[in-house]
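Chemist: Structure incoming, see below.
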């Protein structure tokens, strides 16, 4: 570790940033805004952000990949909801699209499972197909995905 890196690491700004991101990962912009709100000067913020980026503690790609894996692949949330949430967190639009494309196959299988689960739940309540489709679309699922699941259920 160089003298400059050591100086940045032990600065109040860097210590606060590390403490802040240790609780929950943040995007680069969120972290920068928080440091500005704490009245750290722009040089301290720049050096801190450079240091954190070099150590991959503040990396929008890593954040987006982690968020997509968590929300789309594991929790099967609709793509539009996850995309909008990442926009709100100031992640670049192109980066979001890239990351979602990387996980497209996992995303589709997860979404299909979630739609299947929702349909089964509504069917137990004797809800008709028209209402089921409307409810799923209001939750953010695409009509093409819903149709594909319904067709596969009919073939089973």
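The values are calculated or read from the model by the stated rules, or taken from the named source; none is laboratory data. Just so it is clear, the model here is predicted, and its values are computed rather than measured. Every residue, glycine as well, gets a Cβ built from its backbone with ideal geometry; the counts of neighbours run over all protein chains shown.
Chemist: Please verify whether residue 96 is under 21 Å from the mean Cα position of the chain (by Cα), without any contact (Cβ under 8 Å) to a residue 40 or more places away in the chain, over 17 Å from residue 70 (Cα atoms) and part of a helix (DSSP H, G or I), treating the condition exactly as stated.
Modeler: no
Chemist: Still on this structure, please answer the following. Restricting to region 9-28, count the residues that are touching a helix residue (DSSP H, G or I) at 6+ places or on another chain (Cβ under 9 Å) and either over 23 Å from residue 88 (Cα atoms) or outside any loop (DSSP other than H, G, I, E, B) (or both).
Modeler: 12
Chemist: Further question: If residue 153 satisfies every condition in (1) surrounded by 13 or more Cβ atoms within 10 Å (Cβ to Cβ); (2) in a helix (DSSP H, G or I); (3) modelled with pLDDT of 85 or more but one, which is the exception?
Modeler: (3)
Chemist: Next up: So, residue 16, is that one at pLDDT below 85, on the phi < 0 side of the Ramachandran plot and surrounded by fewer than 18 Cβ atoms within 10 Å (Cβ to Cβ) or not?
Modeler: For residue 16, the condition - at pLDDT below 85, on the phi < 0 side of the Ramachandran plot and surrounded by fewer than 18 Cβ atoms within 10 Å (Cβ to Cβ) - is not met.
Chemist: Just name the residue that is nearest to the chain's Cα centre (by Cα) out of those in region 73-86 that are over 13 Å from residue 63 (Cβ atoms) and modelled with pLDDT of 90 or more.
Modeler: Among those that are over 13 Å from residue 63 (Cβ atoms) and modelled with pLDDT of 90 or more, it is 83.
Chemist: Out of 53, 75, which single residue is surrounded by fewer than 20 Cβ atoms within 10 Å (Cβ to Cβ) and not assigned by TED's automatic domain parsing to the domain that holds residue 139?
Modeler: Step by step, each of 53, 75 is checked, and only 53 is surrounded by fewer than 20 Cβ atoms within 10 Å (Cβ to Cβ) and not assigned by TED's automatic domain parsing to the domain that holds residue 139.
One line per residue, one yes/no per condition, for (1) in contact (Cβ under 8 Å) with a residue 12 or more places away in the chain; (2) in a helix (DSSP H, G or I); (3) on the phi > 0 side of the Ramachandran plot:
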| position | (1), (2), (3) |
| --- | --- |
| 30 | yes, yes, no |
| 72 | yes, yes, no |
| 82 | yes, yes, no |
| 91 | yes, no, no |
| 111 | yes, yes, no |
| 130 | no, yes, no |
| 140 | yes, no, yes |
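Chemist: Would you confirm, using the coordinates I've provided, whether residue 57 is within 18 Å of residue 144 (Cβ to Cβ) and touching a residue at least 24 places away in the same chain (Cβ under 8 Å)?
Modeler: no
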